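Asker: One structure follows; several queries about it will come next.
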Amino acid sequence: MSKTHEVFNQVPPLVDYDASDDPALLEALRREGAGEAEVRKLGRLVGSARIQELVRLASEYPPVLHTHDRYGHRIDEVEYHPAWHELMRTAVSLGLSGGPWRDPVPRAHLVRAAKYLVWATQPEQGNCCPVTMTYAAVPALRSEPELAGRLEPLLTSPEYEFGLRPPEEKRGLVCGMAMTEKQGGSDVRANTTRAEPAGDGTYRLTGHKWFCSAPMSDVFLVLAQAPGGLTCFLLPRVLPGGERNRMHLQRLKDKLGNRSNASAEVEYDGAVAWRVGEEGRGVRTIIEMVNVTRMDCVIGAAGGMRWGLHQAVHHARHRRAFGRRLVEQPLMRNVLADLAVESEAATTLALRLAGSMDRALGGDAAEAAFGRLAIPVSKYWVTRRWSAHAVECLECLGGNGYVEESGMPRLYRESPLYSIWEGSGNVAALDVLRAMTREPASVEAFSAELEAASGADRRLDGAVRALRRELARPEEVELRARGLVERMALALQGALLVRYSHPAVADAFCASRLAGDWGHAFGTLPAGLDLDPILSRALPETAGPAL
C-alpha cells in the first residue's frame with residue numbers, strides 16, 4: 001500500500017464508555033438520596049457500540065408510509081427499520097415511558113429524568129418523542145378516572161408491543177399526540193376539527209391535523225371542538241372490536257432532523273374517540289401533558305449537549321495540531337471548558353425541575369408553584385442554547401465534524417427541535433408572563449430559589465438585583481419578554497451552580513454569563529479561571545480508547 005494511504009492522527013471512535021459518568025448528574029442524585037445503580041447501568045448501555053449503531057441505523061433508514069396494500073385496501077401503516085423497534089423496546093423496558101407512574105416510590109421522577117438524560121445522550125433522539133408522550137399522557141388521562149383505570153396500567157407497562165390491535169388486548173401501549181392544525185399552529189383554540197357525540201359515550205371526530213407525532217402509536221390525545229367547546233379526547237388506532245379507526249395518514253413530514261421518528265398529517269373521517277375531561281376544558285386538560293413534555297424538552301436538550309461535549313472533548317484529546325494535542329491548545333481549552341459549563345448548567349437545572357416534580361406530586365405547593373414558572377423559563381432558554389452548543393461542538397471536529405459519518409450533522413439537525421416542540425420561543429416566553437400575572441405564588445417560589453444562593457457570589461447577587469428591577473418595569477413587558485426570560489434562566493442556573501456545582505464551574509458561569517459583557521460566543525471565558533476541573537468533569541480521561 002502506498003505510504004500516502006497510511007492513516008494517522010485520526011481520532012478513534014468513542015464507544016463502550018459510560019455515558020452516565022457525569023458529575024453534575026450523579027451529584028444531583030446523591031443530593032436527593034436517590035440510587036445510582038440504574039443510571040450507571042443505563043450509561044454503559046448507551047455508550048456501547050451496539051446502541052450507537054442502532055441509533056445510526058434508525059436515522060439512516062427513516063420510516064416509510066404505506067397508505068394502501070398491494071390490492072388497493074387502505075391500511076395507513078408506517079414501516080420502521082428494526083433498529084427503531086429495538087430502541088423503543090429498550091427505552092420502554094427501562095421505565096422511561098411510564099415507570100414513575102407505575103411504581104411511585106420517592107424520587108421516582110428524578111431517577112427517571114436522570115435515566116432519560118443519559119438515554120438522550122445520542123446524536124438523534126427520534127425514539128424519545130413517543131417515550132415522552134406516553135410518559136406525559138398519564139396525568140392528562142387521570143382527569144377521566146374510568147378511562148385511566150382501564151388504560152394507565154398499559155401505558156405504564158414495561159412491555160413494548162408494536163402492531164395494530166385493540167389497546168386493551170396488548171401488553172403495553174404507546175401514546176401519540178395531535179393538537180396542531182394547519183390554520184392554527186400554537187393557537188389551538190383556532191382548531192376546526194369537530195367532535196360530535198355519538199350517544200354511546202363516544203364521539204366522532206372529523207378534521208385534519210397538521211402534525212401527529214408517532215402516528216403508529218396505539219392511542220392519541222387529540223383536541224377537537226365539541227358542542228361545549230374545545231375538548232380533549234383519547235383516540236384509539238384500533239377500535240375494541242378490531243376494526244381500524246377512521247384515522248387516515250395523508251403524508252409523513254420531511255423533517256430537518258428527528259428523522260427516525262415519523263410525524264404525519266392525519267385526517268379523521270368520523271373517527272371514534274373517548275372524551276378526556278369536561279367539554280370546553282381541553283386546553284386545561286392537555287396542559288397537564290404539555291408541562292411534562294416541556295420538562296422532557298429541557299432534559300433532552302441537556303442530553304444532546306452532553307453527547308456533543310463528549311465528542312468534542314474526545315476529539316481534542318486525540319487529535320494533534322501544531323505540535324500539541326488540541327486539548328492542550330489554550331484557545332481550544334477555553335472553547336471546551338465553555339461548552340462544559342453550558343452542559344453542566346443545563347443538566348443541573350433539568351434535574352432540579354425533576355426533583356421539583358417529585359415534591360409537587362407529593363403535595364408540596366411551593367414546589368408546584370416553582371415548577372409552574374421554572375419549567376417554561378428553562379424550556380425557553382436551555383432548548384435554544386442547545387443549537388448554539390451543537391454547532392460549536394461540531395466545529396471542534398473541524399471538517400471531520402461536517403461529515404455525516406461523525407454523527408455531528410445529525411446532532412446539528414436535531415438541536416432546534418426542542419425549542420419548537422411544545423411551543424416555540426415566543427410561546428414559552430408568553431407563558432412565563434402568563435404565569436407571573438395569574439399565579440403570583442410562582443414568582444414567590446422562583447424568587448425564593450434565587451434567594452437561597454444570596455451572598456455566595458457577588459456577580460450572581462448583582463444579576464438578581466438587576467432582574468428584580470427588570471421585573472418591576474410593567475411597561476412594554478411583552479416586547480421585552482425574551483430578554484426577561486433569558487435573564488431569569490441565567491440567574492436560576494447561576495444560583496443552582498453556586499449552591500451545588502464545583503466552584504470552578506460556578507465561577508466560570510458567573511464570570512461569563514452574569515458579569516460584564518461576556519458570553520457572546522463559546523470560547524470567551526475571561527482569563528484567570530481554573531479550567532482543569534471543568535474539563536475533567538466534561539469527560540473522564542478513562543473514557544474511550546487510551547491515548
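Asker: Please pick out the residue among ARG306, ARG319, ARG333, ARG324 that is closer than 30 Å to PRO526 by Cβ, in contact with a helix residue (DSSP H, G or I) (Cβ under 6 Å, 6 or more places away or on another chain) and surrounded by fewer than 21 Cβ atoms within 10 Å (Cβ to Cβ).
Answerer: Result of the check over ARG306, ARG319, ARG333, ARG324: ARG319.
Asker: Restrict the check to segment 9-20 and report whether at least one residue is out of contact with any Phe, Trp or Tyr (no Cβ under 9 Å at 6 or more places or on another chain) and loosely packed, with under 11 Cβ neighbours inside 10 Å.
Answerer: yes
Asker: What residue, of GLU152, GLU196, is touching a strand residue (DSSP E or B) at 6+ places or on another chain (Cβ under 9 Å) and more than 30 Å from GLY407 (Cα to Cα)?
Answerer: GLU196
Asker: Within segment 411-454, which residues are surrounded by 20 or more Cβ atoms within 10 Å (Cβ to Cβ) and not in a helix (DSSP H, G or I)?
Answerer: Those that are surrounded by 20 or more Cβ atoms within 10 Å (Cβ to Cβ) and not in a helix (DSSP H, G or I): SER415, TRP421, GLU422, GLY423, ALA453.
Asker: Conditions first: (1) touching a Leu at 6+ places or on another chain (Cβ under 7 Å); (2) over 17 Å from LEU309 (Cα atoms); (3) modelled with pLDDT of 95 or more. LEU25 passes all but one, so which condition is the exception?
Answerer: (2)
Asker: Looking only at segment 28-83, count how many residues are of a type in the set (Gly, Ala, Ser) and buried (at least 16 other Cβ atoms within 10 Å of the Cβ).
Answerer: Selection size over segment 28-83: 8.
Asker: Please go through (1) outside the structural domain of LEU490 (by TED's automatic domain parsing); (2) closer than 26 Å to VAL46 by Cβ; (3) crowded, with 24+ Cβ neighbours inside 10 Å for SER356 and return the number of the only condition it doesn't satisfy.
Answerer: (1)
So that you can scan it fast, the table gives a plain yes or no per residue for (1) in the same structural domain as ALA137 (by TED's automatic domain parsing); (2) on the phi > 0 side of the Ramachandran plot; (3) among the acidic types (Asp, Glu):
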residue	(1), (2), (3)
PRO197	yes, no, no
LYS209	yes, no, no
LEU235	yes, no, no
HIS248	yes, no, no
ASP254	yes, no, yes
ASN258	yes, yes, no
SER263	yes, no, no
TRP274	yes, no, no
ARG294	no, no, no
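Asker: Report, ordered by the first and then the second residue, all pairs with beta carbons closer than 6 Å, sequence separation of six or more or different chains, a first member in segment 94-121 that is in contact (Cβ under 8 Å) with a residue 24 or more places away in the chain, and a second member that is among the acidic types (Asp, Glu).
Answerer: Pairs found: ARG107/GLU32; ARG107/ASP358; HIS109/ASP358; LEU110/GLU32; LEU110/ASP358.
Asker: Residues of segment 139-161 being hydrophobic (A, V, I, L, M, F, W, C) and surrounded by fewer than 15 Cβ atoms within 10 Å (Cβ to Cβ), which ones?
Answerer: Of everything in segment 139-161, nothing turns out to be hydrophobic (A, V, I, L, M, F, W, C) and surrounded by fewer than 15 Cβ atoms within 10 Å (Cβ to Cβ).
Residue-by-condition table, conditions (1) outside any helix (DSSP H, G or I); (2) buried (at least 22 other Cβ atoms within 10 Å of the Cβ):
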site	(1), (2)
GLY494	no, yes
ARG499	no, no
ALA508	no, yes
SER512	no, yes
GLY516	yes, no
LEU529	yes, no
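Asker: With a cut-off of at least 3 residues that are within 30 Å of LEU309 (Cα to Cα) and at pLDDT below 95, name the helices (runs of 4 or more DSSP H) lying wholly within segment 98-205.
Answerer: none
Asker: Output the number of residues of segment 453-503 satisfying the condition of being without any contact (Cβ under 8 Å) to a residue 60 or more places away in the chain and among the aliphatic types (A, V, I, L, M).
Answerer: Final tally of qualifying residues: 16.
Asker: For segment 476-497, name all the residues that are at pLDDT 95 or above and among the β-branched types (Val, Ile, Thr).
Answerer: Within segment 476-497, VAL485 is the sole residue that qualifies.
Asker: A follow-up question, please. Across segment 6-49, what is the number of residues that are in a helix (DSSP H, G or I) and of a type in the set (Val, Ile, Thr)?
Answerer: Final tally of qualifying residues: 2.
Asker: Could you please find all residues in segment 230-250 being under 26 Å from the mean Cα position of the chain (by Cα) and in a loop (DSSP other than H, G, I, E, B)?
Answerer: Scanning segment 230-250 gives a single hit, ARG237.
Asker: While we're looking at this one, here's another question. Please verify whether segment 262-283 includes one or more residues that are within 16 Å of the chain's Cα centre (by Cα) and surrounded by 23 or more Cβ atoms within 10 Å (Cβ to Cβ).
Answerer: no
Asker: Does at least one position in segment 299-315 carry a residue that is closer than 30 Å to ASP530 by Cα and either in the same structural domain as TYR203 (by TED's automatic domain parsing) or over 25 Å from the mean Cα position of the chain (by Cα) (or both)?
Answerer: Taking every residue of segment 299-315 in turn, at least one turns out to be closer than 30 Å to ASP530 by Cα and either in the same structural domain as TYR203 (by TED's automatic domain parsing) or over 25 Å from the mean Cα position of the chain (by Cα) (or both).
Asker: Kindly provide the set of residues from segment 432-452 that are in contact (Cβ under 8 Å) with a residue 40 or more places away in the chain and more than 24 Å from LEU514 (Cβ to Cβ), ordered by number.
Answerer: If the condition is that a residue be in contact (Cβ under 8 Å) with a residue 40 or more places away in the chain and more than 24 Å from LEU514 (Cβ to Cβ), then GLU439, ALA441 are the ones that fit.
Asker: Separate question: Could you grab me the full set of residues in segment 165-191 that are surrounded by fewer than 18 Cβ atoms within 10 Å (Cβ to Cβ) and touching a His at 6+ places or on another chain (Cβ under 8 Å)?
Answerer: Correct list: LYS182 only.
The values are calculated or read from the model by the stated rules, or taken from the named source; none is laboratory data. Here the structure is a predicted model, which is why all the values come from computation and not from measurement. Heads up, the Cβs are rebuilt from the backbone with ideal geometry, glycines too, and the neighbour counts pull from every protein chain shown.
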